[in-house]
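S.K.: Before I ask anything, let me first share the structure, which is written out below as C-alpha cells.
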Amino acid sequence: MAVTGALFIGSSRVKKSETFFASNPATGEKLEPGFSAAGPEEIERACTLAWEAFHVYREHDPELRARFLETAADQIMALGDELLERANAETGLPIARLTGERARTVGQLRLFATELRTGGWMGIRIDPALPGRKPLPRVDLRLRKIPLGPVVVFGASNFPLAFSVAGADTASALAAGCPVIVKGHSAHPGTADLVAQALTEAEEICKVPEGVFSLLNGNSRALGSGLVAHPHVKAVGFTGSRTGGLALVKIASGRPEPIPVYAEMSSINPVVLLPGALSTRAEALGKEFVASLTMGVGQFCTNPGLIFALEGPDLEKFTASAAAALGDVAPATMLTAGIHASYEKGVEKLLGHSRVKAIARGAESKGLHCGRGALFSIAAEDVIKHPEVLEEVFGASSLIVRCASEKQLIDTLEHLEGQLTATLHLTDDDLSIASRLLPTLERKAGRVLANGWPTGVEVTHAMVHGGPFPATSDSRSTSVGTLAIERFLRPVCYQDFPDSLLPAPLRREAPKRPHRYDGVYKA
Ligand code: NAP
C-alpha cells in the first residue's frame, strides 16, 4: 500500500495544495510524498461527520464495535513490512522495536474487543423500586454509562504506532462508542497515513458509519487548537510536552462548553534504592538501571530520570557500575531534530549547574541527532534549594540524589511533582523503611513498583499509566489498559422508565451482564 499524502476525512481522501514533508532524523533526508496540511475547512468537515456518526455509532451493538477493532488490528498487520519501514525512516526507531510496538498496538485493539464483550464497562447498576418502603416508596433507578461524543487524539512522537493513529487513546475511545479524529504527529505523517488506510478499510468491511474515524495531518498549532475548540468535540487524548498539553487544557477549559483533556506530559520516575538492596546487589542494579535508562534512547515517558539512595560505599559501588555501563552504550538517533536539540539543551543545563556533578556520558557518536547518555549526581539538600534540576530532560539523562538520612530522603521525595511511576528496590531488611516511604510514593505516582524498572508498560486490566500533575492533567484515570475506556464514558440514570423505553442492557429481561443490584455485585 502506498503512502497517499492525503487527509482522511470520513471515507474521502482529500488532497490540498499546501503540503509539508517528513524527514529522516538519521540522515536529514526529506521523505516523499508531500502531505496535505489540514485547515479550518477540513476541521469543520471532520468534526461534522464525527458528530453525525456519533448518534449511530454510540448505539451500535458492542459486538459490532468489537469486530471493528479486531478488523482494524488485522488490517494493520496486513500492511506488513512497509509500515515498519516507513516508521523506521520517520522516527529512527529500530525495526525490532517497531515490530514489538506493532504487536502492542494490535494487542490493545484486540484487548478492547474482549473488554467490550464482557459488558462490565457499561457500569450497570439497578436499584429496584421499593413500593412498600416507609415513610415513602423508593423509585426504580437504573444506571449505565454512555459515550461522551467525538474525541480528538493527538498522536505521540515517541510511540508512532502504540500511541498514535490506532494507539491506546484511539482504541479506548472507539471501544467506548466515541468517533475519533486524530491530529497526526507532524514527525511521522507517512506512518499515520498507512495506519489510517488500515482503519478506513476496517470501517468499510464492518460497515461502520462514515466519520467514526478521520485523520488530519498538519504541522500548524492552528490545527490542534482548532480541533480542541470545535463544539462537536467532547474530549481530548494527548501525549507530548508539558507546554503543548497545558496549551490544549487551556483551550478546552476556555470553551463555552469546557471539555476534559487527558494529557500525559512530564514524568521523571524516581527510583529509590533502599540500603538492603544496595548492600546485596549494587553492581547489578547499576547495570540494570543503565539498560532501562538507555532503552529507546531514553525516549520513554517512564524513563528512570531520578535515583535516590543513602550516601555511602554501596551507593558509590552502584554509581561506578552505572558509569561504566553507560560508557559502553552507543548513542542512537533520537526521534526528531527538535527532540534531540531539547535533550542537548537539558543536558547542557545540568552540566553547567553549580550544584550538579557530572558522573558519566555515553559513548561518542558522529551520527546525526544522536542522543548520548548522561548521568549526574547531586546532594539531596541542593535538590530542595534548586528545584530546576528536577525538570524532565526527555532522553537518556538521569540524576542520582545522595541522601544523608532517611528523613532527608522522605523530605526530598515530598518535593517531587506528580509522576507516572515510582520504584523501590528492596530486600526483606528494607520492609520497614519501605512502608514508611509508601504513603508518599502512592500520593505522587500512578504506578508503584518493587524490584523492577519502570520502562515497559503492560497493557492489561490492572495497569495504571497516569498520575498526578504534571504526569497527566487528570490523575483519576489511565491511558493504558482497559480502564482507559472510562475516560470517554459518563453515567446516566433512568428513573421509573417503562421497559419498552429503557436502553436494551437495562431492561428487566436483558441478558445478564456484570452489574450491581441494590448495591450487591452480580456476575
Ligand atoms: P509536543 O511538542 O507537545 O507535540 C505533541 C503534539 O501536540 C503534536 O501533534 C503537536 O503538533 C501538538 N501541539 C503541541 N503544542 C501545541 C499547541 N500549543 N497547540 C496545538 N497543538 C500543539 O511534543 P513532541 O513533539 O512529541 O515532543 C516535544 C517534547 O515533548 C519532547 O522533547 C519531550 O520533552 C516531550 N515529550 C514527552 C513525552 C512523555 O511521554 N512525557 C512524550 C513525547 C514527548 P505538531 O505535530 O504540529 O508539532
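Just so you know, all these numbers are worked out from the coordinates, no wet-lab data involved. Note that the structure is a prediction, hence the values are computed from the model and not measured. Because the Cβ atoms are built from the backbone with ideal geometry, glycine has one as well, and the counts that use them run over all protein chains shown.
S.K.: Being more than 16 Å from the ligand (Cβ to nearest atom), in a helix (DSSP H, G or I), of a type in the set (Val, Ile, Thr) and touching a Ser or Thr at 6+ places or on another chain (Cβ under 9 Å): is that true of Val290 here?
M.R.: Taking the combined requirement at face value, the residue satisfies it.
S.K.: Among the helices (runs of 4 or more DSSP H) lying completely within the range 359-470, list those that include at least 3 residues that are more than 16 Å from the ligand (Cβ to nearest atom) and under 22 Å from Leu293 (Cβ atoms).
M.R.: 380-385, 406-414
S.K.: Something else: Based on what the data block shows, is Ala462 loosely packed, with under 14 Cβ neighbours inside 10 Å and under 26 Å from Gly296 (Cα atoms)?
M.R.: yes
S.K.: Any residue at all in the range 235-254 that's assigned to a helix (DSSP H, G or I), among the charged types (D, E, K, R) and more than 10 Å from the ligand (Cβ to nearest atom)?
M.R.: Checking the range 235-254: not a single residue is assigned to a helix (DSSP H, G or I), among the charged types (D, E, K, R) and more than 10 Å from the ligand (Cβ to nearest atom).
S.K.: Being within 31 Å of the chain's Cα centre (by Cα), within 16 Å of the ligand (Cβ to nearest atom) and of a type in the set (Val, Ile, Thr), is that true of even one residue in the range 474-492?
M.R.: Scanning the range 474-492, I find at least one residue that is within 31 Å of the chain's Cα centre (by Cα), within 16 Å of the ligand (Cβ to nearest atom) and of a type in the set (Val, Ile, Thr), so the answer is yes.
S.K.: Taking the range 496-523 on its own, how many of its residues are assigned to a strand (DSSP E or B) and surrounded by fewer than 11 Cβ atoms within 10 Å (Cβ to Cβ)?
M.R.: Number satisfying all stated conditions: 2.
S.K.: Could you list all residues from the range 197-219 that are surrounded by fewer than 23 Cβ atoms within 10 Å (Cβ to Cβ) and within 16 Å of the ligand (Cβ to nearest atom)?
M.R.: Listed by number, the list holds a single entry, Asn219.
S.K.: In addition: Kindly indicate whether Pro135 is at negative phi and crowded, with 24+ Cβ neighbours inside 10 Å.
M.R.: No.
S.K.: I'm checking my understanding of the structure. Among residues of the range 167-196 that are closer than 16 Å to Ser477 by Cβ and either away from the ligand (no atom under 14 Å from the Cβ) or among the polar types (S, T, N, Q) (or both), which one is surrounded by the most Cβ atoms within 10 Å (Cβ to Cβ)?
M.R.: Once the filter is applied, the top-ranked residue is Ser172.
S.K.: Could you give every pair whose Cβ atoms fall below 8 Å, whose first residue belongs to the range 70-82 and is farther than 17 Å from Pro189 by Cα, and whose second residue is in a loop (DSSP other than H, G, I, E, B), counting only separations of at least 6 or pairs across chains?
M.R.: Listed by first residue and then by second, the contacts come to Ala72/Ala166.
Quick grid of which residues meet (1) closer than 29 Å to Arg65 by Cα; (2) charged (D, E, K, R):
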| residue | (1), (2) |
| --- | --- |
| His461 | yes, no |
| Gly466 | yes, no |
| Asp474 | yes, yes |
| Gly481 | yes, no |
| Arg487 | yes, yes |
| Asp496 | no, yes |
| Ser500 | yes, no |
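S.K.: Among Ser172, Ser186, which is part of a helix (DSSP H, G or I) and hydroxyl-bearing (Ser, Thr, Tyr)?
M.R.: Testing whether each residue is part of a helix (DSSP H, G or I) and hydroxyl-bearing (Ser, Thr, Tyr) leaves just Ser172.
S.K.: Does Glu348 satisfy the criteria of being within 16 Å of the ligand (Cβ to nearest atom), closer than 21 Å to Ala291 by Cα and out of contact with any strand residue (DSSP E or B) (no Cβ under 7 Å at 6 or more places or on another chain)?
M.R.: For Glu348, the condition - within 16 Å of the ligand (Cβ to nearest atom), closer than 21 Å to Ala291 by Cα and out of contact with any strand residue (DSSP E or B) (no Cβ under 7 Å at 6 or more places or on another chain) - is not met.
S.K.: Let me ask another. Give me the pairs: first residue in the range 260-282 and touching a residue at least 60 places away in the same chain (Cβ under 8 Å) and under 17 Å from Asp411 (Cα atoms), second residue within 16 Å of the ligand (Cβ to nearest atom) and among the hydroxyl-bearing types (Ser, Thr, Tyr), beta-carbon distance under 7 Å, and six or more apart or on different chains, which are they?
M.R.: Correct list of pairs: Asn269/Thr302; Asn269/Thr421.
S.K.: Next question, about the same structure. Can you find even one residue in the range 316-324 that is more than 16 Å from the ligand (Cβ to nearest atom), under 30 Å from Gly28 (Cβ atoms) and without any contact (Cβ under 8 Å) to a residue 12 or more places away in the chain?
M.R.: Within the range 316-324, not a single residue is more than 16 Å from the ligand (Cβ to nearest atom), under 30 Å from Gly28 (Cβ atoms) and without any contact (Cβ under 8 Å) to a residue 12 or more places away in the chain.
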